[in-house]
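The values are calculated or read from the model by the stated rules, or taken from the named source; none is laboratory data. All values reported here derive from a predicted model rather than from experimental measurement. Using ideal geometry, Cβ is built from the backbone for each residue, glycine included, and neighbour counts are taken over all protein chains shown. Accessible surface areas use protein heavy atoms only, side chains included; no ligands, DNA or RNA. Shrake-Rupley method; radii C 1.70, N 1.55, O 1.52, S 1.80 Å.
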Amino acid sequence: MLRTKTGPAPARTMIYLDNHATTRVDPRVIEAMAPCFSEIYGNPASRNHRFGWRAEAAVAKGREQVAALIGASPREIVFTSGATESVNLAIKGVAERASGDKNHIITCETEHKAVLDCCTRLETQGFQVTQLAVDTDGLLDADRVRDAITDNTILISVMYANNEIGVIQPIPEIGRMARQAGLPFFVDAAQAAGKVSIEVERDGIDLLAISAHKIYGPKGAGALYVRRRGGRVELEPQIDGGGHERGLRSGTLNVPGIVGLGLACELCAAEMEAEAERLAGLRDRLFSALTERLAGVSLNGSQKHRSPNNLNVSFEGVDGESLLRGLDDIAVSSGSACTTAEPEPSYVLRAIGVPDKLANASLRFGLGRFNTEQEIDYAVERVVAAVDRLRQLAV
Ligand SMILES: *Cc1c(COP(=O)(O)O)cnc(C)c1O
């Protein structure tokens, strides 16, 4: 490190605008989790002593808090290690219980990899998967779902809010239709839970995946809602062992994680309305400033049916990787996956018809609880400067 006589280099504060990837844990959540490492360290499955009972009480409270966020009953909550595991349990769990030669799953091409890769795995085992297309807004039409149903369909899987473009699918409509068809409806709600209103009854949802680390809780904790009221969904467990979680997910419960997830859910529920308004305000401020100060800025995904914390925009005539390099104190994501030397445009942006060039020149801003208006204004300055510079270099 270089140090001059005038003192240490000024600390560069990074602005975190990547809240779709993960979130900072809320200090209130950390505080609630702390005793689970030191005092409440019993195994909730230990029935013979106070240590176990206290841990079991903490888990029961977490179960109530998670259930309350989505209008479920605590008995319908299965704790997992996160949304990926919940997705695996829901999709493979339903598929492995399918009767006779029923083998058809309906999903959507903009789903998270967890869903798509589960479906691909099942295809190698003889299942048939229909990946429905979305429109240029990123929306899935409920009628298209209905038209895709066959006599062999066993499951409909559609995400609530997209992790790249924030688009909110017409879940209540699809849910109504799934119910009419008598099919279980699974919803990956990792990006929606705690951010937009979810009611499993109103929305006709039978299975729903939640992740703690997307809602200011800890990593490695999540839940799957499994409907029991009015027609229980039968699932084949994916992890065998001591029969925890009604036999659906064996393994000693992650008590600190569950306590953290529970409080994270309660805080989101309590603050959702005001926070959604605040974030949408910041998001709109960001978008207005970018479009006012730069030409060739386009929004990716529906403006109307959108999570309040998501902005995904493309910048004509710039290279996304160079743009990210120019934004070294702003944490955002680009619309290309840099797994190889050649940037591979995001499959979600491709699905909504964004040309590869523009997909590679896109940024995903994921706003969150700890972002301020000053941070947004600073990010605008940085993005405008970086785009202007790259465009000048190009001429
Ligand atoms: C993050 C995310 C997941 C995976 O959640 P983990 O808890 O990290 O396993 C699944 N689906 C969506 C839409 C996500 O955003």
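I need a count of the residues in segment 169-226 that are in contact with a Phe, Trp or Tyr (Cβ under 8 Å, 6 or more places away or on another chain), open to solvent by 10 Å² or more (accessible area, probe 1.4 Å) and away from the ligand (no atom under 16 Å from the Cβ).
Residues flagged as in contact with a Phe, Trp or Tyr (Cβ under 8 Å, 6 or more places away or on another chain), open to solvent by 10 Å² or more (accessible area, probe 1.4 Å) and away from the ligand (no atom under 16 Å from the Cβ) within segment 169-226 amount to 2.
Being open to solvent by 50 Å² or more (accessible area, probe 1.4 Å) and either part of a helix (DSSP H, G or I) or of a type in the set (A, V, I, L, M) (or both) is the filter here; which residues of segment 35-44 pass it?
PHE37, SER38
Does VAL259 satisfy the criteria of being more than 14 Å from the ligand (Cβ to nearest atom), crowded, with 24+ Cβ neighbours inside 10 Å and touching a residue at least 60 places away in the same chain (Cβ under 8 Å)?
Yes.
Does VAL78 meet the test of being farther than 15 Å from GLU245 by Cα, within 16 Å of the ligand (Cβ to nearest atom) and touching an Asp or Glu at 6+ places or on another chain (Cβ under 7 Å)?
No; evaluated as a whole, the condition is false for this residue.
Please tell me if THR84 is within 15 Å of the ligand (Cβ to nearest atom) and touching a Ser or Thr at 6+ places or on another chain (Cβ under 7 Å).
no
Does ARG229 satisfy the condition of being away from the ligand (no atom under 16 Å from the Cβ), within 28 Å of ARG176 (Cα to Cα), modelled with pLDDT of 95 or more and not aliphatic (A, V, I, L, M)?
Taking the combined requirement at face value, the residue does not satisfy it.
Anything in segment 238-250 that is touching a residue at least 12 places away in the same chain (Cβ under 8 Å) and in a helix (DSSP H, G or I)? List them, or say none.
GLU245, ARG246
With respect to the numbered conditions (1) open to solvent by 10 Å² or more (accessible area, probe 1.4 Å); (2) touching a residue at least 24 places away in the same chain (Cβ under 8 Å), which one is the sole condition not fulfilled by ILE77?
Only one criterion in (1) open to solvent by 10 Å² or more (accessible area, probe 1.4 Å); (2) touching a residue at least 24 places away in the same chain (Cβ under 8 Å) is unmet by ILE77, namely (1).
Are any of the residues in segment 158-172 at pLDDT 95 or above, of a type in the set (Gly, Ala, Ser) and in contact with a Leu (Cβ under 7 Å, 6 or more places away or on another chain)?
No, there is no match, as no residue in segment 158-172 is at pLDDT 95 or above, of a type in the set (Gly, Ala, Ser) and in contact with a Leu (Cβ under 7 Å, 6 or more places away or on another chain).
Within segment 86-140, work out how many residues are open to solvent by less than 10 Å² (accessible area, probe 1.4 Å), of a type outside the set (A, V, I, L, M) and out of contact with any helix residue (DSSP H, G or I) (no Cβ under 9 Å at 6 or more places or on another chain).
1
Does segment 309-332 contain at least one residue that is open to solvent by 40 Å² or more (accessible area, probe 1.4 Å), over 24 Å from VAL158 (Cα atoms) and modelled with pLDDT of 95 or more?
Yes; the residues of segment 309-332 include at least one that is open to solvent by 40 Å² or more (accessible area, probe 1.4 Å), over 24 Å from VAL158 (Cα atoms) and modelled with pLDDT of 95 or more.
I'm told GLY353 meets every condition in (1) outside any helix (DSSP H, G or I); (2) out of contact with any Asp or Glu (no Cβ under 7 Å at 6 or more places or on another chain); (3) at negative phi except one. Can you identify the failing condition by its number?
(3)
Of the residues that make up segment 332-344, is at least one touching a helix residue (DSSP H, G or I) at 6+ places or on another chain (Cβ under 6 Å) and more than 18 Å from ASN162 (Cβ to Cβ)?
Yes; the residues of segment 332-344 include at least one that is touching a helix residue (DSSP H, G or I) at 6+ places or on another chain (Cβ under 6 Å) and more than 18 Å from ASN162 (Cβ to Cβ).
Looking at segment 50-92 only, could you name the residues that are among the aliphatic types (A, V, I, L, M), more than 18 Å from the chain's Cα centre (by Cα) and part of a helix (DSSP H, G or I)?
Answer for segment 50-92, where residues must be among the aliphatic types (A, V, I, L, M), more than 18 Å from the chain's Cα centre (by Cα) and part of a helix (DSSP H, G or I): ALA55, ALA57, ALA58, VAL59, ALA60, ALA68.
Looking at LEU279, LEU290, LEU235, LEU253 in this structure, which one is over 23 Å from the mean Cα position of the chain (by Cα), surrounded by 17 or more Cβ atoms within 10 Å (Cβ to Cβ) and either part of a helix (DSSP H, G or I) or touching a residue at least 12 places away in the same chain (Cβ under 8 Å) (or both)?
Answer to the check: LEU290.
Going through ASP388, ASP329, ASP356, ASP319 one at a time, which residue ends up being acidic (Asp, Glu) and touching a Phe, Trp or Tyr at 6+ places or on another chain (Cβ under 9 Å)?
Selected residue: ASP329, the only one of ASP388, ASP329, ASP356, ASP319 that is acidic (Asp, Glu) and touching a Phe, Trp or Tyr at 6+ places or on another chain (Cβ under 9 Å).
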